[in-house]
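Inspection log for the structure reproduced underneath, given as structure tokens.
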Number of protein chains: 2
Amino acid sequence: MSSSIDEAGLPATTARQTAARRRKVPPEVRHEDKRLAILRIAAQLFAQHGYEATSLDMIGEQLGMHKATLYHYIKNKEEVLYFCLVKSFENIDEVVERMQDRSVPTLERLRYFARSLAHAQNSDFGRCLVMVGLRPLTNEASVDIRRFQRKLDKTVRDLVTEGIASGELKPVAPPLFSAMLFGMFNWVPQWFDANGKFSIDDVVDTFMNTVINGAAATPRR
Amino acid sequence: MSSSIDEAGLPATTARQTAARRRKVPPEVRHEDKRLAILRIAAQLFAQHGYEATSLDMIGEQLGMHKATLYHYIKNKEEVLYFCLVKSFENIDEVVERMQDRSVPTLERLRYFARSLAHAQNSDFGRCLVMVGLRPLTNEASVDIRRFQRKLDKTVRDLVTEGIASGELKPVAPPLFSAMLFGMFNWVPQWFDANGKFSIDDVVDTFMNTVINGAAATPRR
DNA sequence: CCTACCGATCGGTAGG
DNA sequence: CCTACCGATCGGTAGG
């Protein structure tokens with residue numbers, strides 16, 4: 001049984017709409033849509049089975065096309081992972097910029113960052129990032145991805161440094177605080193059950209309440 | 001260049017000691033030692049390259065033996081991972097028992113748990129557990145490992161429940177607190193640099209100070 | 001402990 | 001003449 005491309009993330013379409021689309025939508029756009037559908041399915045399979053254990057045949061099967069056909073849209077398997085990871089950072093600039101608005105209290109910005117991070121890492125591409133990572137990539141490809149990661153890390157470290165300077169945060173090593181934050185949120189896809197009793201926002205609120213206010217009932221020095 | 005078995009985790013031995021050992025140590029023990037060396041090297045390579053990207057040839061090469069020879073000590077590749085994961089939990093009972101000593105304050109037990117967890121996950125077998133996980137295992141093999149994981153998770157959840165009841169901890173959903181704690185420590189092998197400026201104990205102290213007392217300079221409701 | 005292989009499947013590409 | 005796609009097979013390597 002094979003899923004249609006539409007099920008892969010594009011809006012659902014009827015046969016009539018598909019026909020209309022075929023008449024009206026330029027070929028480049030159809031090509032780009034199909035490419036995106038491939039990336040989304042690949043991201044799901046990579047996150048589920050790992051990079052090496054996912055064959056191009058499996059990706060093709062999910063899309064109802066043969067493996068050879070994939071090569072009209074992609075260069076090779078590694079490039080597929082590369083673009084999945086790039087896409088996992090697609091909203092990064094917006095978030096990073098909001099973190100620099102000093103009119104908002106540091107802790108409020110930190111909560112916003114956590115919420116953005118948690119939702120990003122629990123999307124198809126974000127799950128691919130945290131479950132697979134960049135280990136399968138060659139060095140040349142992984143430097144690009146590492147640049148995104150360093151940018152996010154620096155954003156948190158700067159926020160912490162700023163919060164300590166302003167007296168909003170207790171003194172703490174910014175690299176360790178940042179690593180702690182990414183660790184707890186990057187691990188969420190390993191255990192989170194979308195059908196369970198907690199939502200992603202529940203997770204964000206619980207984690208951030210604890211990190212900001214502490215788990216101890218009586219605050220200690 | 002191939003590492004000797006001794007470099008793989010056994011005590012260093014001179015050629016003379018090896019000869020003496022060959023005379024005195026029973027064959028079963030030598031066999032078991034070699035098997036452990038295989039597991040340790042495998043755990044390192046699995047953590048570094050992933051399970052599928054690590055071939056049995058690579059493991060053999062590091063040990064100075066051919067792939068076929070490995071099969072005198074192991075059944076198959078999956079069994080190697082299985083025992084690496086089992087070994088990653090070898091000190092679990094001792095830690096779990098100490099967590100049940102109610103004469104020690106909850107927060108103190110929690111700090112001890114975190115320290116044990118952090119050190120365990122940054123050993124060869126622990127890194128294999130958190131970097132590879134149990135995804136490559138068949139269902140039959142992975143249930144055993146999941147039992148260990150649930151036992152650790154339950155230990156934390158029980159500790160949290162107990163701390164809330166005794167008034168030592170603020171109310172918090174125990175499963176989420178547990179997931180947060182494992183997430184931040186399980187992620188450490190992804191970024192930790194043994195030659196960097198922080199030690200594992202620095203990481204534990206910073207993480208636990210923040211989780212227990214909060215990052216905010218002024219405690220908030 | 002090694003040489004010599006196997007059935008299968010991998011990523012990637014040929015001609016049409 | 002182009003796009004999109006097929007059946008078949010390439011060279012290499014996996015676990016065993």
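For the Cα atoms of chain A, what angle does the longest principal axis make with the long axis of helix A:27-49, in degrees from 0 to 90, nearest 10?
60
Arrange A:71, A:82 by Cβ neighbour counts within 10 Å, fewest through most, would you?
A:71, A:82
Going 7 Å from Cα along the Cα-Cβ axis for the label, what nanometre distances separate residue A:167 from the same residue across the other copies?
Once sorted, the set of distances for residue A:167 reads 3.2 nm.
Compare the Cα positions of B:41, B:99, B:72 along the charge dipole of the stretch B:33-115 (+1 at Cβ of Lys, Arg; -1 at Cβ of Asp, Glu; about the Cα centre) and return the one farthest towards the positive end.
B:99
Enumerate the amide H contacts of residue B:169 below 5 Å, restricted to partners 5 or more residues apart or on another chain; note that Pro and chain-start residues carry no placed amide H.
When sequence neighbours closer than 5 places are left aside, the close amide H contacts are A:217, B:164.
Which loop-located chymotrypsin sites (Phe, Trp or Tyr not before Pro) does the stretch A:112-180 contain, where loop means any DSSP state but H, G, I, E or B and the Cβ has at most 12 other Cβ atoms within 10 Å?
Filter output for the stretch A:112-180: empty list.
For the stretch B:95-216, just say rounded, prolate or oblate: build the C-alpha gyration tensor, square-root its eigenvalues into a ≥ b ≥ c, call rounded for a/c under 1.5, and beyond that prolate if a/b exceeds b/c, oblate if not.
Cα axes put the stretch B:95-216 in the oblate bin.
From the phi angles alone, apply the Karplus equation (6.51, -1.76, 1.60; θ = phi - 60°) to the stretch A:171-176 and give each ³J(HN,Hα) in whole Hz, x where the residue is Gly or Pro.
Listing the rounded values in order: x, 7, 5, x, x, 6 Hz.
Is the shape of the stretch A:72-142 rounded, prolate or oblate, going by the alpha carbon gyration tensor and its root eigenvalues a ≥ b ≥ c, with a/c under 1.5 for rounded and a/b larger than b/c for prolate?
prolate
Which residue, B:80, B:204, B:104, has the most motion in a Gaussian network model of chain B that connects Cα atoms within less than 10 Å?
Judging by the Gaussian network model, the answer is B:104.
Quick one: with label points 7 Å out along Cα→Cβ, list the inter-copy distances for residue B:150 in nm, shortest first?
From this label point to the equivalent ones elsewhere in the assembly: 4.4 nm.
Between residue A:214 and residues 5 or more places away or on another chain, which pairs have amide H atoms under 5 Å apart, with H built 1.01 Å from N, and which residues are they?
The list, which skips near neighbours in sequence, is B:214, B:215.
Could you tell me the distance between the Cα centroids of the stretch A:188-221 and the stretch A:83-132, to the nearest Å?
Using only Cα atoms, the two centres lie 17 Å from each other.
Calculate the dipole size of the stretch B:77-176 relative to its Cα centre from +1 charges on Lys and Arg beta carbons and -1 charges on Asp and Glu beta carbons; express the result in debye to the nearest 20.
With Lys and Arg at +1 and Asp and Glu at -1, about 300 debye.
In nm, what does the list of distances from residue A:86 to its counterparts in the other copies look like, shortest first, when each label sits 7 Å along Cα to Cβ?
Result for residue A:86, in nm, nearest copy first: 4.6.
Using DSSP to define loop residues, name the GluC sites (Glu not before Pro) in the stretch A:122-193 whose beta-carbon has at most 11 other beta-carbon atoms within 10 Å.
In loop regions of the stretch A:122-193 (DSSP not H, G, I, E or B), there are no sparsely surrounded GluC sites (Glu not before Pro).
Count, for each residue of A:184-190, the Cβ atoms from other chains sitting within 10 Å of its Cβ, then give me the mean as a whole number.
6
What is the mean number of Cβ atoms from other protein chains located within 10 Å of the Cβ atom of each residue in peptide B:102-108, rounded to a whole number?
The per-residue average across the peptide is 1.
Sort A:143, A:188, A:95 so the one with the fewest other Cβ atoms within 10 Å of its own Cβ comes first.
Ranked by crowding around the Cβ, least crowded first: A:143, A:95, A:188.
Using only Cα atoms, tell me the angle between helix A:139-165 and the longest principal axis of chain A; keep it within 0 to 90° and round to the nearest 10.
30
Suppose we take every Cα in the protein assembly as shown and form the convex hull; what volume per residue is that in Å³?
190
Step through the table entries B:34/B:77; B:87/B:197; A:34/A:67; A:87/A:197; A:34/A:75; B:34/B:87, compare each Cα-Cα distance with 19 Å, and write down the pairs that go over it.
Pairs exceeding 19 Å: B:87/B:197; A:87/A:197.
When the Karplus curve 6.51 cos²θ - 1.76 cosθ + 1.60 is applied with θ = phi - 60°, which whole-Hz ³J(HN,Hα) does each residue of the stretch B:65-81 get, with x for Gly and Pro?
Karplus-based 3J(HN,Hα) across the stretch B:65-81 equals 9, 7, 3, 4, 5, 3, 6, 7, 10, 10, 8, 7, 5, 4, 4, 4, 4 Hz.
Would you mind giving the mean number of other chain beta-carbons within 10 Å of the Cβ of each residue in B:204-210, as a whole number?
5
Chain B: D in µm²/s via Stokes-Einstein (Kirkwood Rh, Cα pairs, 37 °C, 0.692 mPa s)?
Estimated diffusion coefficient is 168 µm²/s.
With θ set to phi - 60°, apply the Karplus curve 6.51 cos²θ - 1.76 cosθ + 1.60 along the stretch A:187-196 and write out the HN-Hα couplings as whole Hz, x wherever there is a Gly or Pro.
7, 3, x, 6, 10, 5, 10, 4, 9, x
Just to be sure I understand: with springs between alpha-carbon atoms less than 10 Å apart, which residue in B:163, B:60, B:196 has the highest mean-square fluctuation in the Gaussian network model of chain B?
B:196
Laboratory data are not the source of any read-out in this text; all were calculated from the coordinates shown. None of the values given here were measured: they were computed from a predicted structure. All Cβ positions, glycine included, derive from the backbone under ideal geometry; neighbour counts span all protein chains shown.
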